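Read the figures in this text as sums done on the coordinates, not as results from a lab. Just so it is clear, the model here is predicted, and its values are computed rather than measured. Positions of Cβ are generated from backbone atoms using ideal geometry, with glycine treated the same way; all protein chains shown enter the neighbour counts.
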Amino acid sequence: MQAFSEWLEATALSKQLFDLAWLWPVCECLHFVGLAVLIGGAGLLDLRLMGLFRGVPLRAVKSFMPWAIAGFVVNAVTGLLFILMQPHLYLSGGIFWAKMGFIGVAGANAMFFETRLSGRALTMSADDEMPWKLRTIGIVSLFSWFAVLYCGRMLPYLGTGN
Amino acid sequence: MSVFRGLQDSAFTNWFLGSDSIWTYPTVLTLHTVGLAMLVGASVVVDLRVLNVGLEMPLARLRPLFRVMAVGFTINLLSGLVLFISKAADLVVAPIFYVKIASICGALWLGSRVKRLIVERADPSLRDIGARQMAAASLFLWTLAIVTGRLVAYFAP
């Protein structure tokens, strides 16, 4: 990973992007706006799955998901640009990989919900008690996204790269 | 002015910024981002609903989100005060910091109007009260608050 990081940093693309002085702060701004939209949209579904907002159909909270996904895409693109510009800050630090791990957990959890559980969940009455399986999905998702936020914000202080 | 210089040069600031512990500056900074996610995240959902996303969600059911916003706001007011103290003299002369604070005040005012006029009404007429304009302005102001908040690090280093 060290070798890959050094190779990446030596590429013309990395240097050209890094030389655009405005690109880093612009990506930072977008990354923070993206995180608010992602956690807002995903958090709503998570809270509903945890049993809050009883009486609100799951369909209704799911209609905010395209916005959450848009927030994620913005953050994936800006995040990739951060790595391209300064790979050593990210790739060699354990906290970065912890962040990627939590994104993986959140993603796998969402996929499991979408492919295995959501079909039946959408036919539930809005007033039904949430089954424990769906509550667990909500808790894992909400915890993972805040863990992603924690690792990201603490990265300059916990990361080993410099 | 000397009050702010005094705060920035205080023993507290020296300890807060100079400590090697992750529990001082890094943790307060991270709490400020957690509060941001709760406050702005919940506001975005409310604003999008007023702008016709998720129409099956009754407006009155959005009410618990205002509690999420209140918790997020409290976290950010407290963490923000501590962060302000540690940089007081630089921040009070940075115009962008005032843009951030004004954006937040405007967005909070719009949020309280949305709560009072839309979410707490039994049958609000969204068109009559300019609800969509309020929601769009709220989204704009929160975005501006985040962007200027982030850029404070560059304009008041």
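Of note:
- Hits in the range A:1-58 - residues which are charged (D, E, K, R), farther than 20 Å from A:PHE96 by Cα and exposed (fewer than 14 other Cβ atoms within 10 Å of the Cβ): A:LYS15, A:ASP19, A:ARG54
- Selection within the range B:47-61 - out of contact with any Phe, Trp or Tyr (no Cβ under 7 Å at 6 or more places or on another chain) and within 9 Å of chain A (Cβ to nearest Cβ): B:ARG49, B:LEU55, B:GLU56, B:MET57, B:PRO58
- Qualifying residue in the range B:72-82 (condition: aliphatic (A, V, I, L, M), under 18 Å from B:VAL50 (Cα atoms) and surrounded by fewer than 18 Cβ atoms within 10 Å (Cβ to Cβ)): no
- Residue match in the range B:51-58 (condition: in contact (Cβ under 8 Å) with a residue 24 or more places away in the chain and part of a helix (DSSP H, G or I)): no
- In the range B:83-94, the count of residues that are in contact with a Ser or Thr (Cβ under 7 Å, 6 or more places away or on another chain) and buried (at least 20 other Cβ atoms within 10 Å of the Cβ) is one or more.
- Set side by side, the residues B:ARG67, B:ARG61, B:ARG132, B:ARG127 differ, and just one is free of Cβ contacts under 8 Å to residues at least 40 places away in the same chain and farther than 22 Å from A:ALA42 by Cα, which is B:ARG127.
- Near pairs, Cβ below 8 angstrom, 6+ apart or cross-chain, from the range B:104-122 (within 17 Å of B:LEU36 (Cβ to Cβ)) to any residue that is β-branched (Val, Ile, Thr): B:GLY111/B:VAL46
- Candidates B:THR33, B:THR74 - the one that is assigned to a helix (DSSP H, G or I) and facing chain A (nearest Cβ under 10 Å): B:THR33
- Beta carbons closer than 8 Å, at least 6 apart along the sequence or on distinct chains, pair a first residue in the range A:85-103 that is under 17 Å from A:TRP24 (Cα atoms) with a second that is aliphatic (A, V, I, L, M) for A:MET85/A:LEU17; A:MET85/A:LEU23; A:PRO87/A:LEU8; A:LEU89/A:LEU155; A:TYR90/A:ILE83; A:TYR90/A:LEU155.
- Residue in the range A:113-121 that is surrounded by 19 or more Cβ atoms within 10 Å (Cβ to Cβ) and closer than 23 Å to A:ALA36 by Cβ present: yes
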